[in-house]
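A.B. asks: Would you mind keeping the following structure in view while I ask a few things?
The values are calculated or read from the model by the stated rules, or taken from the named source; none is laboratory data. Everything numeric here is computed off the predicted structure, so don't read it as measured data. For accessibility, only protein heavy atoms count, side chains too; no ligands or nucleic acids. Shrake-Rupley method; radii C 1.70, N 1.55, O 1.52, S 1.80 Å.
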Amino acid sequence: MAYHHKQSVDNSLGRNKADLILRGGQIVDVHSGRIKEGDIVVNGHRIVGLYDRSPAFVGSNTKIIDVSGKYVLPGFIEPHIHIESSMLTLTNFSRAVLPHGTTTVINDPHEIANVMGVRGVRQMMDEGHYTNLRFYFTIPSCVPSLSEEFETCGTFFSVEDIKSLLEEKSAIGLGEMMNYPGVIAPKIDVLAKIYETYRMRGFKKKPPIIDGHCPGLTGLELSAYINAGIMADHECSTGAELEERLAKGMFVMVRNGSYAKNTRELLEYVIENQIDTRRLMFCSDDRNPYDLLNKGHIDQTLAMAMELAKESGWKLKPFEIIRMATLNPAEFFHMPYRGRLGIGTRADITIVENLEKFNVWATLRNGELVAQKGHVVNDVQDYPYHENILNSVRIKRTFSVDDFQVRSGAKRQKVRIIEMIPGQLTTGNIIHKLEVKNGFLEADINRDILKIAVIERHRGNNNFSVGYVKGFGIKSGAVAI
Ligand SMILES: [Zn+2]
């Protein structure tokens, strides 16, 4: 043990030669809120020198990267995402986000859990170890999301399933508790999942993390939800929701997803009302591959936040914004060696060209260069999926056009329609009249009222249903998800 500490001391004094030196960058210190020029010295996975330049660090094997004129930041942390909605494997997701400066991701694999249960989650966790990103997992708390009365999913997660997954090394806590009605009812089997997470993590002397999901919850019910042990929420769509959650002791993840876009509205409120940001983080929740490749990841959210802050005359400081993607999530998840650049911290480092657009120049993870100028470097091999993880779609019948026809005896028929709301996950419920042709209800492309069908694909029980949706915007063809 003492030998390890001797090594650390020798590393920082330059008695051991450095593996890597980032030379002459503008180092962003998220603690003091200062930017100072200097070198960063890395040995192994950790930062051993900061600001000081000494020839003692340089040996024949020391790699030196000139980063003068560039900003050196802690690697970005994604505090809540479902990788499955990116439609990418963990390996390909890493390839997509490392060039955007993300180094740590907390994944909630509740979609794979819905399909394949514990087996699917374990497979994902295993793949995570082989990527260049650092993946942690919150264990899905709600499989199915609410209860089996409302959906037919591939599996059901019991308290025992959750406990067995919490044993895994990369498990960090309980995933978003979507069943908030179950918490405040209260249903004992729902509360047992929270209780067991506290018990198991406490037993291992690790901090429990219980993530939340409570859109619209307020007043006494919100207090009850928090008092059941839930710590964070990423479902705020109004400033009032955000403020009440912070005031009652929650952390709030400000979401910038492909579908749910709450960042602009929430940050405008934060700026206008001068809300303290130390318990705010940026999260994606769901991000599709188009956005990941074309718009980016956390870097895009940071650029958007900087623009809003600039418009406000910097009522929100650049450091506060950067902390929301680095120090704040690291503190929430009890990761003292991530989310900041300090002596002894992990060398997870993102180097950007500027602090406006955050054009990422290079990303380092554990002291290794993993992306540079938009491309991954030192890439990993593709993960070999076992046969038993493939071919999970079970449909035991064929479908024809007739299956999607909706009969009506009327000439025009009143129809209840799902209304999509841009930038929100919640939907509206509207009634429109639709034409009937040859005894069948017609979709109405001109009014953007289209057919939507859901087909049971887990158990092959042949269940399916057809409905109508407004706001999709496609004029021809069909989409299968
Ligand atoms: Zn989520």
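A.B. asks: Considering only segment 74-333, what is the antiparallel percent among its DSSP beta bridges, to the nearest 5?
C.D. replies: So the antiparallel bridges amount to about 5 percent of the total.
A.B. asks: What ³J(HN,Hα) values, in whole Hz, does the Karplus curve 6.51 cos²θ - 1.76 cosθ + 1.60 give for segment 292-304 when θ = phi - 60°, with x put for Gly and Pro?
C.D. replies: 4, 7, 9, 9, x, 10, 4, 4, 5, 5, 4, 5, 5
A.B. asks: Here is a follow-up. Can you sort ARG46, ARG457 by 1.4 Å-probe accessible area, starting with the largest?
C.D. replies: Result, largest first: ARG46, ARG457.
A.B. asks: Which whole-angstrom value gives the distance between the alpha carbon centres of segment 198-275 and segment 345-415?
C.D. replies: The two parts, judged by their Cα centres, are 25 Å apart.
A.B. asks: How much of the accessible area of the chain, in percent, comes from carbon and sulfur atoms when a 1.4 Å probe is used?
C.D. replies: Carbon and sulfur atoms account for 52 percent of the accessible area of the chain.
A.B. asks: Considering only protein heavy atoms, with the full assembly of protein chains and a 1.4 angstrom probe, order GLU311, GLU78 by accessible area, largest first.
C.D. replies: In descending accessible area the options line up as GLU311, GLU78.
A.B. asks: If you don't mind, there's one more thing I want to ask. Gain in length, LYS261 to ILE445, computed as 0.36 nm per residue apart minus the alpha-carbon separation, to one decimal in nm?
C.D. replies: Difference between extended and current length: 63.6 nm.
A.B. asks: Continuing with the same structure: Compute, for VAL360, the solvent-accessible surface of its heavy atoms (probe 1.4 Å) with the complete set of protein chains present, and express it in square angstrom to the nearest 10.
C.D. replies: 20
A.B. asks: Apply the Karplus curve 6.51 cos²θ - 1.76 cosθ + 1.60, θ = phi - 60°, to the phi angles in segment 353-364 and return the couplings in whole Hz, x for Gly and Pro.
C.D. replies: Calculated HN-Hα couplings, in order: 6, 7, 9, 9, 8, 6, 4, 6, 8, 7, 10, 10 Hz.
A.B. asks: Okay, moving on. At q = 0.18, 0.21 Å⁻¹, what log₁₀ I(q)/I(0) does a Debye calculation on the Cα points of segment 401-470 give, no solvent, two decimals?
C.D. replies: So the normalised log intensities are -0.77, -0.95.
A.B. asks: For a quick check of understanding: with a 1.4 angstrom probe and all protein chains in place, what accessible area in square angstrom does SER68 have, to the nearest ten?
C.D. replies: Approximately 60 Å² for this residue.
A.B. asks: Moving to a separate point now. I'd like the Karplus ³J(HN,Hα) series for segment 454-470: coefficients 6.51, -1.76, 1.60, θ = phi - 60°, whole numbers in Hz, and an x wherever there's a Gly or Pro.
C.D. replies: Per residue, the Karplus-derived 3J(HN,Hα) values read 10, 10, 5, 10, 8, 9, x, 8, 6, 5, 7, 8, 10, x, 10, 9, 10 Hz.
A.B. asks: Return one whole number: the accessible area per residue of the chain in Å², for a 1.4 Å probe.
C.D. replies: 48
A.B. asks: In addition: Given the protein chains as shown and a 1.4 Å probe, how many square angstrom of ASP286 are accessible, to the nearest 10?
C.D. replies: Here the accessible area works out near 30 Å².
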